[in-house]
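Undergrad: Take this structure first; my questions come after.
The values are calculated or read from the model by the stated rules, or taken from the named source; none is laboratory data. None of these values were measured; they are calculated from a predicted model. Because the Cβ atoms are built from the backbone with ideal geometry, glycine has one as well, and the counts that use them run over all protein chains shown. Side chains included, ligands, DNA and RNA excluded: accessible areas come from the protein's heavy atoms. Shrake-Rupley method; radii C 1.70, N 1.55, O 1.52, S 1.80 Å.
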Amino acid sequence: MAPTYAIERLLTAGRAKIVAGVDEVGRGAWAGPVSVCAVVTDLSEPPAGLTDSKQISAAKRAGLVSEIEGWAAGYAHGEASHTEIDELGMTEALRRAARRALEALPVRPDVVILDGKHDYIGAPWPVRLEIKGDAASISVAAASVLAKVRRDAYMGTIGYTEYGFADNAGYPSPQHQATLAELGPTPHHRLSWSYLDDLPRWRHLKRHRNPAVREGQTSLFD
């Protein structure tokens, strides 16, 4: 089922005039940043084939980027590094990345459609949560494509080819896991994550969260 403007139209029928769709990528990766994209549209006809980025091939996603960027009324990216994730926890890292994206938009949205069931953005942004929003909302679908293509491209530039980052984008593929067990983490790995507990040779590198941070670093909203 292709995404529609049903949610956007519902929101703009009220007091909201500008709606941003927001999605993230990289939350479950073991290496690299978490990336968030925010997209605002004028409710015009979207690029053909636009849908949840997970349902589109890498080649199709890449081809959609220039179309989305030319069509959107505004878009912006925000990231939080692996270091921020280790120091602050995933919830706060996502919050910072999302706010960086929203604050970088050329227009300020009145409301945000956020993919998922947890509001990691918080005040002052009014948020409409939408489970599988990237499959339901055109704005969120556009954000999901831009976020994934941008982060995947970045992960392909950082080297460490033996870990397969160009293919797995820092997620725990078999190649990634095998190389990690043999060679240990790179400077791009999240060192607060529990995978290190299963690697006796590298367990001593495990970082423990700042006790002043409420959420644990490895929180994935379980």
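Undergrad: Anything in segment 128-144 that is open to solvent by less than 20 Å² (accessible area, probe 1.4 Å) and in contact with a Pro (Cβ under 9 Å, 6 or more places away or on another chain)? List them, or say none. Even if it seems obvious, please write down each step before you answer.
TA: Quick first cut of segment 128-144, residues open to solvent by less than 20 Å² (accessible area, probe 1.4 Å) only: 133-134, 137-144.
Matches in segment 128-144: Gly133, Asp134, Ser137, Ile138, Ser139, Val140, Ala141, Ala142.
Undergrad: Could you please let me know if Glu24 is open to solvent by less than 10 Å² (accessible area, probe 1.4 Å), closer than 17 Å to Ala136 by Cβ, of a type in the set (D, E, K, R) and at pLDDT 95 or above?
TA: Details: open to solvent by less than 10 Å² (accessible area, probe 1.4 Å): no; closer than 17 Å to Ala136 by Cβ: yes; of a type in the set (D, E, K, R): yes; at pLDDT 95 or above: yes.
No; evaluated as a whole, the condition is false for this residue.
Undergrad: Of the residues that make up segment 109-127, is at least one within 13 Å of Ala147 (Cβ to Cβ), open to solvent by less than 70 Å² (accessible area, probe 1.4 Å) and among the acidic types (Asp, Glu)?
TA: Scanning segment 109-127, I find at least one residue that is within 13 Å of Ala147 (Cβ to Cβ), open to solvent by less than 70 Å² (accessible area, probe 1.4 Å) and among the acidic types (Asp, Glu), so the answer is yes.
Undergrad: Tell me which of these Ala59 doesn't satisfy, since it passes every other one: (1) over 19 Å from Ala135 (Cβ atoms); (2) touching a residue at least 40 places away in the same chain (Cβ under 8 Å).
TA: (2)
Undergrad: Let me ask something else about it. Since Arg203 meets every condition but one in (1) closer than 24 Å to Glu87 by Cβ; (2) buried (at least 16 other Cβ atoms within 10 Å of the Cβ); (3) charged (D, E, K, R), which condition does it not meet?
TA: (2)
Undergrad: Only residues that are among the hydrophobic types (A, V, I, L, M, F, W, C), open to solvent by 20 Å² or more (accessible area, probe 1.4 Å) and not in a loop (DSSP other than H, G, I, E, B): list them for segment 27-65, please. Let's see the steps before the verdict.
TA: Let us first name the residues in segment 27-65 that are among the hydrophobic types (A, V, I, L, M, F, W, C), namely 29-31, 34, 36-40, 43, 48, 50, 56, 58-59, 62, 64-65.
Checking the rest, the ones that are also open to solvent by 20 Å² or more (accessible area, probe 1.4 Å) come to 30, 43, 48, 58-59, 62, 65.
Hits for segment 27-65 are Ala58, Ala59, Ala62, Val65.
Undergrad: Just for segment 78-108: of the residues that are among the small types (Gly, Ala, Ser) and more than 14 Å from the chain's Cα centre (by Cα), which one is surrounded by the most Cβ atoms within 10 Å (Cβ to Cβ)?
TA: Going through the qualifying residues, I end up with Gly89.
Undergrad: Of the numbered conditions (1) over 15 Å from Asp23 (Cβ atoms); (2) surrounded by 17 or more Cβ atoms within 10 Å (Cβ to Cβ); (3) touching a residue at least 60 places away in the same chain (Cβ under 8 Å), Ala72 satisfies every one except a single condition; which is it?
TA: For Ala72, the failing item is (1).
Undergrad: What are the residue pairs meeting all of these: first residue in segment 89-103, first residue at pLDDT 95 or above, second residue assigned to a helix (DSSP H, G or I) and surrounded by fewer than 21 Cβ atoms within 10 Å (Cβ to Cβ), Cβ atoms under 6 Å, and 6 or more apart or on different chains?
TA: Ala93/Glu84
Undergrad: Inspect all residues belonging to segment 3-20 and state whether any of them is closer than 18 Å to His118 by Cβ and hydrophobic (A, V, I, L, M, F, W, C). Spell out the reasoning first.
TA: Initial filter on segment 3-20 (closer than 18 Å to His118 by Cβ): 7, 20.
Okay, now just the ones that are also hydrophobic (A, V, I, L, M, F, W, C), so 7, 20.
The answer is yes, given that some residue of segment 3-20 is closer than 18 Å to His118 by Cβ and hydrophobic (A, V, I, L, M, F, W, C).
Undergrad: Mind checking which residues of segment 8-21 are assigned to a loop (DSSP other than H, G, I, E, B) and crowded, with 16+ Cβ neighbours inside 10 Å?
TA: Ala16, Ile18
Undergrad: Taking segment 153-167 only, how many residues are open to solvent by less than 20 Å² (accessible area, probe 1.4 Å) and assigned to a helix (DSSP H, G or I)?
TA: Within segment 153-167, the subset open to solvent by less than 20 Å² (accessible area, probe 1.4 Å) is 155, 163-165.
With the extra rule that they be assigned to a helix (DSSP H, G or I), the set shrinks to 155, 163, 165.
Total meeting the criteria: 3.
Undergrad: May I ask you to verify whether Ala123 is out of contact with any His (no Cβ under 7 Å at 6 or more places or on another chain) and in contact (Cβ under 8 Å) with a residue 24 or more places away in the chain?
TA: Details: out of contact with any His (no Cβ under 7 Å at 6 or more places or on another chain): yes; in contact (Cβ under 8 Å) with a residue 24 or more places away in the chain: no.
No.
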